[in-house]
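The values are calculated or read from the model by the stated rules, or taken from the named source; none is laboratory data. Computed from a prediction, not measured in an experiment: that's the story for all the values here. Neighbour counts run over all protein chains shown; Cβ positions are idealised from the backbone, glycine included. Note: accessible area is taken over every heavy atom of the protein model, side chains too, but ligands, DNA and RNA are not part of it. Shrake-Rupley method; radii C 1.70, N 1.55, O 1.52, S 1.80 Å.
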Amino acid sequence: MITTPKPVQTPSWANGILTPAQEFAPTPLDILSGTVSAGLQGSLYRNGPAFLSRNGQSVGHWFDGDGGILGVHFQAGQAIGTYRYVQTAGWQREEQAGRYLLAGYGMLPPGAWLTRFDKDVKNVANTSVLALPDKLLALWEGGMPHALNLQTLETIGLDDLDGLKGRPFSAHPKRDPHTGEIYNFGLTIGAKTRLNLYRSDRTGKILHEQAIPLKGVPVLHDFAIAGRYLVFCIPPVRIQVLPLLARVKSFSDAMAWQPELGTEILIIDRETLQLVSRTTTDSWYQWHFGNGYEDAAGLIHLEIARYPDFQTNQRLKEVAHGQIQTSAVATLWRLCLDPRSGRVVSMQQVLDRSCEFPVSRPQDVGQPFRYTYLSGHRPSSQLRTELFNTIARFDYQTGTLTEADLGDDRYPTEPIYAPDAQQPEQGWILTVVYDSHHDRSELWIFDSDRLEAEPVCRLALPHIIPIGFHGTWQSHS
């Protein structure tokens, strides 16, 4: 008997990932429904992989896509949108050549093996953004930030922040809501791997730094502020250096899950950047932390979106090709740590739902907090094949989850909290939504306290904004 294989169905989210972004100059955004609140005064910036193929060749991993920045400026009930690619040196070279030339997170340079050694690793500037008073930084894990004009998004160039000296400045800086100081890190890989810690002023200028030696070459994406401390959890993923140096494996393919190593927890004094304690506990993987704080007894509490293993990396690789076959589910967990000893006092799952991108109100960073906003899957979702298709708010005081109902086949990005300029305790949640029914992108604005209600405003974007990673809000002074 001859069987005919079933055709592979294209998922409804695919065009929201694979469509190359189109740049557009400052454009007033049409209101599809509702109104823009007069209290929404500031700018939304979002970053993500915006270009995933050249001349018929696809990138090796979603993380390899060249970065594109969306800026939406709100004033007096109006919204002006702009979209630009980050004009990195690698983007310019490959755009001129019409093909991929450089190594990436999931890509080896093209050509014969012996020709690969003189090829650089491309800084794709595609992961997150940091808004400073006079510039926007487009951030990427493995290199220096690119500075952009806050209004036009024109690329100014690589920015040393008066002290990086070529070292990486990672994609998840944290800002103290009271002092405005900024904390971040970057890994230096060499004979010994070092965790470089940076404390900067509100302009981004590095004021103080410290380096802490690490074991092997780990994968480290995010960290948390918790009161007087910075907390790093280093999962048991190690990069196999020899295949990487020999250019026979990409970074992604050279990463090995080694659960026997356990997860190492580093607690840092954030004033001195000195190591307070380090300990090893159970194995898990996390891309992202939520918030953290220090309680009256001096214990640290922090949130993570916790995966049981590193299958998430394979899943994200598949996203770039428009089909997902690998299941990888994170749930929200809360850790309690004793900073002096590093001891894990408790570790518990607080939300038994697939979720990612936990974020708090900017004014709550490092402080006790009640709410966490996050991306997630609707209860009816096929977790293996679907991208995140809802946003929600978890209330620690009541233990309840409030979800937005976006309808079928709509895909929101990470929720961004924007404080209201007129009523500081009120806020708005902004998310860019890919609507597969109309094959378009929209910007949806919710009342942060009423996610279950209709959005207060829906704005049309001129072109599809490829589903991306992280963003930020900058209030107008």
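Structural remarks
- Rounded, prolate or oblate (a/c below 1.5 giving rounded, otherwise prolate when a/b exceeds b/c) for segment 382-471 by Cα gyration tensor: oblate
- For Gln22 and His463, the difference between the fully extended length at 0.36 nm per residue and the C-alpha to C-alpha distance is 158.1 nm.
- FRET efficiency for Glu271 and Thr400, using Cβ-Cβ distance with R0 set to 41 Å, rounded to 0.05: 0.65
- Its relative contact order, with pairs defined as Cα atoms under 8 Å and 6+ residues apart, puts the chain at 16 percent.
- Overall form of segment 142-183 per C-alpha gyration tensor (a/c, 1.5; a/b vs b/c): oblate
- Among the trypsin sites (Lys or Arg not before Pro) within segment 113-212, those in coil by DSSP and having at most 16 neighbouring Cβ atoms inside 10 Å are Arg116, Lys119, Lys165, Lys192, Arg202, Lys205.
- Accessible surface of the chain, 1.4 Å probe: 50 percent of it comes from carbon and sulfur atoms.
- Taking amide H atoms as placed 1.01 Å from N in the peptide plane, the amide H of Phe369 has no partner under 5 Å among residues 5 or more positions away or on other chains.
- Estimated distance in nm for a label pair at Lys192 and Gln363, the labels positioned 7 Å out from Cα along Cα-to-Cβ: 4.5 nm
- Full-extension gain in nm, Ile156 to Gln75, via 0.36 nm per residue minus C-alpha separation: 26.6 nm
- Taking 7 Å steps out from each Cα toward its Cβ at Asp134 and Ala256 produces label points 4.8 nm apart.
- Remark: segment 140-180 carries 44 Å² of accessible area per residue (probe radius 1.4 Å; ligands, DNA and RNA excluded).
- Protein heavy-atom accessible surface, 1.4 Å probe, per residue over segment 420-461: 40 Å².
- The H on the amide N of Arg378, modeled in the peptide plane, is under 5 Å from the matching H of Asn389, Thr390, each at least 5 residues off or on a different chain.
- In segment 1-80, Rg over Rh equals 1.18, where Rg is the alpha-carbon radius of gyration and Rh the Kirkwood radius from pairwise Cα distances.
- When each of Lys122/Lys174; Lys165/Lys205; Lys135/Lys205 is checked by Cα-Cα distance, pairs over 20 Å: Lys122/Lys174
- Net length gained if the chain between Asp295 and His208 were fully extended (0.36 nm per residue, minus Cα distance): 28.7 nm
- Less than 5 angstrom separates the built amide H of Gly427 from those of Asp420, Ser448, Asp449, all sequence-distant by 5 or more or on a different chain.
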